[in-house]
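The values are calculated or read from the model by the stated rules, or taken from the named source; none is laboratory data. Computed from a predicted structure; not experimentally measured. Note that each Cβ is placed from the backbone with ideal geometry, even for glycine, and that neighbours are counted across all protein chains shown.
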Amino acid sequence: MDDTPRTSSAPPQPPTGQSTAAQPTRRAAQPTRRTAQPTRRTALGVLGGLVAAGAIGTAAYGSISSASSGGDLRGALNLIAPAAAGGGWDAVAREMQAAQRENSIVRNPQVLNQPGAGGTIALSNVHALAGHADTLLIGGTGLLAATIQFASAVAFTDVPPLATLVEEYDAIIVPQDSPHRDLESLLNAWRADPHALPVSGGGSFDQLVLTDLAVKAGIPGAELNYISSDGGGEVVAALMNGTVQAAASGLPDTRDQIESGRLRALALVAKERIDGFDVPTTVELGYDVTLSNWRSISAPPGLTDAEYEELRAIVLETIETPEWAEAVERFSWAENVQTGGELDRFLADQDQRIRTLFEEMGA
C-alpha cells in the first residue's frame with residue numbers, strides 16, 4: 001500500500017515550483033560499494049519559497065537547518081518521513097531512530113514528519129537542503145511513483161539514494177466466504193466482466209499491483225473497476241461489507257485478518273514465498289507480478305564523497321542491529337539491501353516499470 005497514514009484522505013496535488021533538471025552524478029571511490037554524488041546546488045532561494053508556501057513548518061525547518069554539513073554526523077541526524085505518523089515510511093524512520101539510539105550509532109536522531117503530495121513535498125524540501133549532511137529521507141516505491149504521477153519538478157534520484165533497506169509484499173485477498181478459492185478462479189471472473197468485479201487497495205501502490213496483475217492476466221488496465229480505500233483498515237471493511245470483491249493490500253495490514261480466517265489470501269505478490277506464510281506467489285501461479293513496496297534512504301545533494309560514505313556507513317550499521325532485525329520480523333518486511341551500481345540499475349528498472357503501469361491505467 002501507499003505510505004500515507006491509515007486515515008489519510010485522497011492524494012493531494014503536487015507542489016508547485018520551477019522545473020528542476022536532473023543533475024549528473026559522480027561516484028565515491030570505494031572497493032566494494034559506490035554512492036552517487038550530484039553537483040552541489042545553492043538552495044537558499046528554493047528553501048525560502050517552500051517555507052513561504054507552508055511546505056515546512058518553522059520548527060522543523062529550524063531543526064533541519066541548524067547544523068552545518070561539516071559537523072559530526074553521529075552527533076545529530078534528522079530522519080525525514082515524507083508522510084504523517086502511522087504509515088510505512090514513518091515506521092521505517094522510527095525503527096531506525098530506535099536502533100541508532102539503543103546502539104549509540106547516532107547520539108541524537110530525530111524523526112520529522114513532512115506529509116504531502118505522495119511524499120514529493122518532503123523530497124523537494126530535502127533537495128533544497130543541498131550541502132546539509134545532517135538529514136536523511138525515507139522513501140521507496142510510493143515516492144518514486146508519486147514523482148511520476150505528479151510530474152514532480154524534483155526527480156527521485158535528484159536526492160541521491162544511499163540504499164534500499166527492506167521491501168513489503170502485497171497479498172491478493174478476498175473475504176473468507178468468497179466463491180473464489182484460488183487466484184485462477186478470481187481471474188476468470190475478472191476476465192469475463194472486469195466492471196462487474198470491483199477491487200480495492202489501500203493506496204496508489206496497491207492500484208499499480210492490481211493493474212500489473214490485470215494486464216498479465218489479459219485484462220486491459222484501463223478497465224479496472226478500482227475503488228480506492230484509505231489504508232489497510234478501509235480495505236478490510238470494503239471486503240467485509242461487500243463494496244469490493246477482491247483487493248491488493250500490504251501483508252502487514254492484513255496478515256492478522258488472514259490468519260484469523262476473516263480473509264483468504266489467494267496469492268502473495270512476490271518472487272518467493274516467505275517463512276511462516278503458506279500462500280503461493282504470483283510467480284508460482286504463472287503470473288510475473290512482483291512489484292514490491294520497497295523502502296529506501298537518501299541524502300541531500302551536494303555533499304562530499306566522505307559525507308556520503310559516512311552516512312551510508314551509519315545506515316548499514318543501523319540495519320545490522322538486533323533492534324532492526326526484530327522490526328523486520330514484526331512488520332513482515334523482507335530485507336532488500338542494495339547500494340552502488342546495483343541500486344542504480346534497480347531504480348532505473350523500477351522507474352520504467354511504474355511508468356508503464358501508469359500508461360496502462362490511462363493516467
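Just to be sure, is ASP158 under 25 Å from ASP305 (Cα atoms) and at pLDDT 95 or above? Considered against the rule, which asks whether it is under 25 Å from ASP305 (Cα atoms) and at pLDDT 95 or above, ASP158 comes out as yes. Residues that are surrounded by fewer than 22 Cβ atoms within 10 Å (Cβ to Cβ) and assigned to a strand (DSSP E or B) within segment 79-135 comprise ASN108, GLN110, VAL111, LEU112, ASN113, listed in sequence order.
Every condition in (1) of a type outside the set (Phe, Trp, Tyr); (2) over 24 Å from ALA145 (Cα atoms); (3) under 19 Å from the mean Cα position of the chain (by Cα) holds for SER260 except the one numbered (3). Which of the residues that make up segment 325-348 are more than 15 Å from SER296 (Cα to Cα) and not small (Gly, Ala, Ser)? If the condition is that a residue be more than 15 Å from SER296 (Cα to Cα) and not small (Gly, Ala, Ser), then GLU326, GLU329, ARG330, PHE331 are the ones that fit.
When you look at LEU266, is it buried (at least 22 other Cβ atoms within 10 Å of the Cβ), in a helix (DSSP H, G or I) and of a type in the set (A, V, I, L, M), yes or no?
Values: buried (at least 22 other Cβ atoms within 10 Å of the Cβ): yes; in a helix (DSSP H, G or I): no; of a type in the set (A, V, I, L, M): yes.
Considered against the rule, which asks whether it is buried (at least 22 other Cβ atoms within 10 Å of the Cβ), in a helix (DSSP H, G or I) and of a type in the set (A, V, I, L, M), LEU266 comes out as no.
Of GLU102, GLU184, all but one fail to be charged (D, E, K, R) and either touching a Pro at 6+ places or on another chain (Cβ under 8 Å) or closer than 22 Å to LEU79 by Cα (or both); the exception is GLU102.
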